[in-house]
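For reference, the structure discussed in these notes is given below.
The values are calculated or read from the model by the stated rules, or taken from the named source; none is laboratory data. Because the structure is a prediction, the values reported are computed rather than measured. Because the Cβ atoms are built from the backbone with ideal geometry, glycine has one as well, and the counts that use them run over all protein chains shown. Ligands, DNA and RNA are stripped out before the accessible areas are found, and what is left, the full protein with its side chains, is counted by its heavy atoms. Shrake-Rupley method; radii C 1.70, N 1.55, O 1.52, S 1.80 Å.
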Amino acid sequence: MESSAGNLLRVKTTGPVYGGYALARAEGIGVLFVRWALPGEEVRVRLGERRRDYAFAEAVEILAPSPHRVDPPCEVFGDCGGCQIQHASYPHQLGMKREVLKEAFRRIGKMEVDPSCAPPGEPFGYRYRGQFKTDGAGIGFYAERSRRLVPVSRCPLMVDAINGVLPVLRDLGRIAPVSEVHLASDGQRAVAWFPGVRFDARLAERIGGTLSGARFADRAWGEENVTLPLEGLSYAVSPLSFFQANWQANRALVRRVLEIAGESRGACLLDLYAGAGNFALPLSLRCGEVVAVEREPRAFADLLRNARENGRENVRAVNARVESFRTDRRFDPVVLDPSRSGLSRKALSLVRGLSAGRVLYVSCNPSTLARDVRALSDRYDLTALEMHDFFPNTHHVEALAVLSAR
């Protein structure tokens with residue numbers, strides 16, 4: 001490390017760090033988490049927030065670039081807070097994410113594991129849903145760690161159907177108190193949700209002909225849902241409910257879960273954190289019964305509707321928190337797809353008590369996944385760990401862990 005004028009330092013980065021950072025060390029500071037740098041680069045950085053033994057920094061000059069560095073195709077990359085690693089080639093992004101997952105299991109899970117990488121999809125044009133901000137004159141995303149709007153004319157991560165409606169949404173704040181717009185698409189059409197905004201005829205007139213429908217605080221206008229294909233089933237969701245934004249990657253993961261679960265017509269499967277039935281519905285085609293547990297009211301309503309409209313009478317939907325779910329039945333496998341916070345202590349206790357032969361754990365957070373797999377290691381062996389890239393060009397890491405009872 002070399003000091004330079006002002007708050008600038010010259011450092012050499014090493015490995016990738018979750019969050020889209022590259023790791024470096026600086027004398028007198030300790031560990032640096034460097035934004036906009038890639039592993040193996042010499043960069044000049046500006047120090048940011050400092051803690052006792054580490055600090056954040058931002059690369060302001062690339063002195064010796066990585067051979068994997070590319071020119072980001074997005075004109076607002078580095079200002080918009082949506083993407084963190086567009087400056088890395090896509091194969092290198094996959095390698096960095098795999099290393100992040102591996103390091104989480106080494107550091108937190110206390111185990112050496114070599115994750116496999118699922119076949120990747122397209123790095124752009126993959127998002128079927130998005131949450132946009134507007135200030136009345138522009139539409140876009142907030143800058144990182146800020147509420148400053150970065151306007152966009154199009155987002156290269158979104159499908160064309162979503163990018164196509166952005167010009168119409170740009171100045172809606174002049175008509176109604178719109179500050180946020182959630183968009184969902186089936187690849188052809190798009191529907192919107194305007195949180196906290198009551199129906200306004202002028203607003204409906206503006207979006208008519210561009211959007212297929214919208215949900216307001218007090219009523220719906222036009223179509224409320226989009227319908228996506230899922231293993232021969234129709235999966236209907238609204239912009240109010242969570243569903244995986246990268247639908248092609250999600251379908252590949254669902255097929256992988258089905259492959260691991262196998263076909264057992266007499267078996268009963270348990271899907272915890274079931275959402276609108278992303279795993280429960282396809283699994284129901286291969287087993288005797290699926291018990292799907294979901295507490296969020298909108299997702300649960302979508303789950304009930306999807307089971308009914310697809311004729312899946314062997315899906316038993318339970319509207320409850322996972323921690324309060326009680327059963328004396330035997331399940332194999334158990335599928336888990338919790339939020340970023342992972343499993344609570346009560347949820348871990350429930351999983352242990354179920355004594356399932358296999359647990360299929362889908363996670364969007366390497367740290368909590370590694371923590372929970374370690375917590376279950378007294379009864380389960382980790383037999384497979386796969387990295388699935390749901391969010392190319394961002395720091396997010398999706399993974400599937402397969403646990404088998406001893």
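Observations on the structure shown:
- Only one entry in Val322, Val397, Val373, Val359 is in contact with a Phe, Trp or Tyr (Cβ under 9 Å, 6 or more places away or on another chain) and under 16 Å from Gly275 (Cα atoms), namely Val322.
- Meets criteria (free of Cβ contacts under 8 Å to residues at least 40 places away in the same chain, surrounded by fewer than 22 Cβ atoms within 10 Å (Cβ to Cβ) and in a loop (DSSP other than H, G, I, E, B)) for Arg145: no
- Selection within region 9-21 - closer than 18 Å to Val60 by Cβ, more than 23 Å from the chain's Cα centre (by Cα) and outside any strand (DSSP E or B): Thr13
- Residue list for region 148-182, filter: in a strand (DSSP E or B) and crowded, with 21+ Cβ neighbours inside 10 Å: Met158, Val181
- Residues of region 363-379 satisfying the condition of being open to solvent by 10 Å² or more (accessible area, probe 1.4 Å) and either touching a residue at least 40 places away in the same chain (Cβ under 8 Å) or assigned to a strand (DSSP E or B) (or both): Ser367, Arg371, Arg374, Ser377
- Positions within region 183-207 being over 30 Å from the mean Cα position of the chain (by Cα) and open to solvent by less than 40 Å² (accessible area, probe 1.4 Å), in sequence order: Asp200, Leu203, Ala204
- Taken across region 67-79, residues that are at negative phi, open to solvent by less than 40 Å² (accessible area, probe 1.4 Å), at pLDDT below 95 and not hydroxyl-bearing (Ser, Thr, Tyr) do not occur at all.
- Contacts under 6 angstrom Cβ, first residue in region 189-209 being assigned to a loop (DSSP other than H, G, I, E, B), partner open to solvent by less than 30 Å² (accessible area, probe 1.4 Å), 6 or more apart: Phe194/Val178; Phe194/Phe216; Val197/Ala176; Val197/Val178; Val197/Phe216; Arg198/Phe216; Phe199/Phe216; Asp200/Ala176
- Some residue of region 219-230 being within 23 Å of the chain's Cα centre (by Cα), under 23 Å from Tyr361 (Cα atoms) and either of a type in the set (A, V, I, L, M, F, W, C) or crowded, with 19+ Cβ neighbours inside 10 Å (or both): yes
- Residue in region 350-362 that is surrounded by fewer than 21 Cβ atoms within 10 Å (Cβ to Cβ), part of a strand (DSSP E or B) and in contact (Cβ under 8 Å) with a residue 40 or more places away in the chain present: yes
- Of the candidates Ala55, Ala59, Ala37, Ala24, the single residue that is in a loop (DSSP other than H, G, I, E, B) and not polar (S, T, N, Q) is Ala37.
- Boolean, Ser363 is farther than 21 Å from Ile85 by Cβ, polar (S, T, N, Q), modelled with pLDDT of 95 or more and out of contact with any Cys (no Cβ under 6 Å at 6 or more places or on another chain): no
- The residues of region 298-340 that are in contact (Cβ under 8 Å) with a residue 40 or more places away in the chain and loosely packed, with under 14 Cβ neighbours inside 10 Å, listed by number, are Glu309, Arg329, Arg330, Ser339.
- Qualifying residue in region 250-259 (condition: within 21 Å of Ala320 (Cβ to Cβ) and of a type outside the set (Asp, Glu)): no
- Some residue of region 75-93 being aromatic (Phe, Trp, Tyr), in a loop (DSSP other than H, G, I, E, B) and under 24 Å from the mean Cα position of the chain (by Cα): no
- Taking region 1-52 as the range and being open to solvent by 50 Å² or more (accessible area, probe 1.4 Å), among the polar types (S, T, N, Q) and at pLDDT below 95 as the test, the residues that pass are Ser3, Asn7.
- Qualifying residues in region 380-406 (those that are of a type in the set (S, T, N, Q) and over 16 Å from Gly20 (Cα atoms)) - the one surrounded by the most Cβ atoms within 10 Å (Cβ to Cβ): Ser404
- Pairs where the first residue, in region 41-54, is farther than 25 Å from His92 by Cβ and the second is open to solvent by less than 80 Å² (accessible area, probe 1.4 Å), C-beta under 6 Å, 6+ apart: Leu47/Ala55; Leu47/Ala57; Glu49/Phe56; Asp53/Gly30
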